[in-house]
Amino acid sequence: MIKAPAGQVWGILILSLAIQAGIVALRGGLYFGVHEGDMLHLIEISERMSRGAVAHVDFETPIGEWAVRPIGLLIQAGLPLGQAMLWSQIAVAALLAPAVGWVAISRLSRGAGLMWCVGMVSLITAVIYGGTEIYLSFSMHYNRWAWALALLVAALVLIPGPTGRRALILDGVVIGLAMAALAVVKITFAAALFLPVVLGLILQRRGGSILWAVIAGLGLLALVTAEHGPGYWLAYLDDLLVVLNSDGRPYPGEPYARTLLSPSFTIGTLLVITAGLMLRARKGQQATGLIVLMFLPAFAYASFQNFGNDQLWLTVFALCLFTLSARPGLERQARALRAMALVALVAIGPVALNIVYSPLRHLLEPAGNYTRLFPDRPEATALYTIENRTLRSRASVPLIPAGEDAFTWAGQDFADCELDSGFTPLFRAMNAQLAAGGHVQDKQPFVADIFAPHWLYTGWAPLDHGAPWYYDGLPGIADAEYLLVPTCPSSRVIRRDILDLIPEDQAVLVEATDLYALFRLQGQVNAPSNR
């Protein structure tokens with residue numbers, strides 16, 4: 001196997017970054033057509049952090065601080081929100097480029113190494129979460145960033161590399177930094193990978209890499225602690241426990257066991273088991289086979305924790321099999337290993353292609369189909385969405401009401417209704433009515449819904465210690481003067497759950513319209529709260 005030449009590797013990385021940067025510069029703003037609610041969730045976190053708020057400490061979220069901090073820093077530097085989102089990806093890709101290049105130079109053939117570099121840069125800079133949808137969105141970008149870090153770690157453990165002292169040190173430093181970064185981007189990835197990574201390095205007798213991984217990882221986490229204090233980690237843990245114990249949305253899709261055994265997972269699961277057992281049966285490859293098998297539950301858990309459950313790990317698994325097929329002693333298994341690698345790439349192919357060419361589709365998307373998400377803040381956002389989402393709100397109501405979800409609270413009747421799309425026109429209409437009522441002046445009320453980005457459309461301050469996305473409890477209600485109950489919320493279940501936690505005698509109706517009921521909160525609400 002001809003190793004990937006260093007010059008070509010660094011050249012393709014620089015070229016890939018330059019192309020992606022050029023696409024961002026030419027487009028000038030961010031255009032999205034799907035996941036409107038998730039985008040508003042991300043926008044709220046980005047805006048809060050650009051104002052100096054610290055995730056977990058100042059507001060509740062299970063998403064790690066570093067998942068959004070690059071965006072917040074670029075907004076502070078003067079970039080409009082949409083541009084800050086896109087340029088943050090270029091910055092992250094450039095930051096990870098040396099580690100990506102090291103994997104290619106130390107482990108992969110020329111062709112595989114160049115594909116790896118292009119693929120990793122594309123994964124970080126995509127304008128879609130994954131999947132095979134034709135619409136574009138920046139939502140859940142942190143899942144892609146987490147996958148990039150996870151694939152770096154997996155490649156350094158799964159794919160055989162040099163065993164010299166310099167290589168062991170570099171492997172360890174990259175693994176340690178990547179695992180620590182995962183802890184402050186999406187900690188579930190770090191938790192899933194920890195055991196197979198440690199056991200894999202032990203089985204390969206790479207103690208030096210473990211030592212340097214510990215030094216590098218703890219060093220990076222120490223810097224985070226020095227910046228925010230030990231209380232940061234307690235607040236982070238508290239937010240994670242809130243989600244874990246939440247009945248609303250403890251995970252983004254099907255349960256773990258069902259995800260692992262689903263039809264879309266079957267091919268990958270069978271490939272890993274077959275390859276692992278084949279290697280286990282070959283003398284000298286028993287440890288490699290065991291390591292491959294150990295990574296399966298970790299990879300599956302990472303996919304389970306992501307919306308869409310994309311199996312992006314199949315890419316690094318395929319590279320592992322291709323590399324192993326060229327090793328001495330595996331000549332008889334080489335054809336089978338290459339065939340399984342090809343099947344893995346075909347299985348993940350549609351998702352990978354969607355990720356790779358999404359920036360080009362974003363560049364070529366006709367601007368005439370879009371309109372500004374925040375028309376009152378044109379210079380501050382550079383964000384555009386499909387026009388029909390900003391003109392009309394759509395809701396679901398039962399044709400034959402069963403009666404269970406319609407209820408009365410604090411003397412007000414609330415119908416069995418749920419908003420499907422068109423959040424922006426609804427929020428703008430609600431804010432106009434609130435302004436006319438004159439009760440809410442300068443601060444976001446507590447909203448009985450799954451998310452509440454009303455303040456983004458006004459001059460209000462965000463609710464201190466609030467939650468950009470609701471999971472459980474009453475986060476931020478201690479700092480709220482008013483309670484806003486939508487007539488047709490994004491989630492009628494969440495609306496009911498929140499109101500069940502608030503004593504009716506502590507809310508006094510001050511205004512009721514066709515869109516909401518506004519209550520003044522009397523004193524301290526003595527209900528369970530996460531803050």
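Annotations for the structure displayed:
- Among the helices (runs of 4 or more DSSP H) confined to segment 1-78, the ones with at least 1 residues that are touching a residue at least 60 places away in the same chain (Cβ under 8 Å) are located at 6-27, 36-50.
- When residue 432 is tested against the conditions (1) over 24 Å from residue 507 (Cβ atoms); (2) open to solvent by 50 Å² or more (accessible area, probe 1.4 Å); (3) of a type in the set (A, V, I, L, M), the lone failure is (1).
- Residue identified as over 20 Å from residue 46 (Cβ atoms) and either at pLDDT below 90 or surrounded by fewer than 23 Cβ atoms within 10 Å (Cβ to Cβ) (or both) among 438, 459: 438
- Restricting attention to segment 465-474, the residues that are surrounded by fewer than 24 Cβ atoms within 10 Å (Cβ to Cβ), out of contact with any strand residue (DSSP E or B) (no Cβ under 8 Å at 6 or more places or on another chain) and either farther than 16 Å from residue 64 by Cα or free of Cβ contacts under 8 Å to residues at least 12 places away in the same chain (or both) total 1.
- Looking only at residues in segment 145-170 that are in contact (Cβ under 8 Å) with a residue 60 or more places away in the chain and farther than 20 Å from residue 299 by Cα, the one that is most open to solvent (accessible area, probe 1.4 Å) is 170.
- Residue ranges of helices (runs of 4 or more DSSP H) in segment 286-397 with at least 3 members under 22 Å from residue 141 (Cα atoms) and open to solvent by less than 70 Å² (accessible area, probe 1.4 Å): 286-304, 313-324, 334-364
- Checked against (1) among the aliphatic types (A, V, I, L, M); (2) touching a helix residue (DSSP H, G or I) at 6+ places or on another chain (Cβ under 9 Å); (3) closer than 28 Å to residue 186 by Cβ, residue 353 passes all but a single condition, namely (2).
- Some residue of segment 260-272 being open to solvent by less than 30 Å² (accessible area, probe 1.4 Å), part of a helix (DSSP H, G or I), touching a residue at least 24 places away in the same chain (Cβ under 8 Å) and among the hydroxyl-bearing types (Ser, Thr, Tyr): yes
- Members of segment 499-518 found to be hydrophobic (A, V, I, L, M, F, W, C) and under 21 Å from residue 434 (Cα atoms), listed by number: 499, 507, 508, 509, 510, 512, 515, 517, 518
- Within segment 178-234, restricting attention to residues that are aromatic (Phe, Trp, Tyr) and in contact with a helix residue (DSSP H, G or I) (Cβ under 6 Å, 6 or more places away or on another chain), the residue that is least open to solvent (accessible area, probe 1.4 Å) is 189.
- Segment 1-36 - residue that is among the small types (Gly, Ala, Ser) and open to solvent by less than 10 Å² (accessible area, probe 1.4 Å) and, of those, farthest from the chain's Cα centre (by Cα): 4
- Within the option set 163, 188, being in a loop (DSSP other than H, G, I, E, B) and out of contact with any strand residue (DSSP E or B) (no Cβ under 7 Å at 6 or more places or on another chain) holds for one residue only, 163.
- Residue count for segment 126-144, restricted to those that are open to solvent by 10 Å² or more (accessible area, probe 1.4 Å) and not in a loop (DSSP other than H, G, I, E, B): 2
The values are calculated or read from the model by the stated rules, or taken from the named source; none is laboratory data. Fair warning: this is a prediction, and the values are worked out from it, not measured in the lab. Note that each Cβ is placed from the backbone with ideal geometry, even for glycine, and that neighbours are counted across all protein chains shown. In case anyone asks, the SASA skips ligands and DNA or RNA and just uses the protein heavy atoms, side chains included. Shrake-Rupley method; radii C 1.70, N 1.55, O 1.52, S 1.80 Å.
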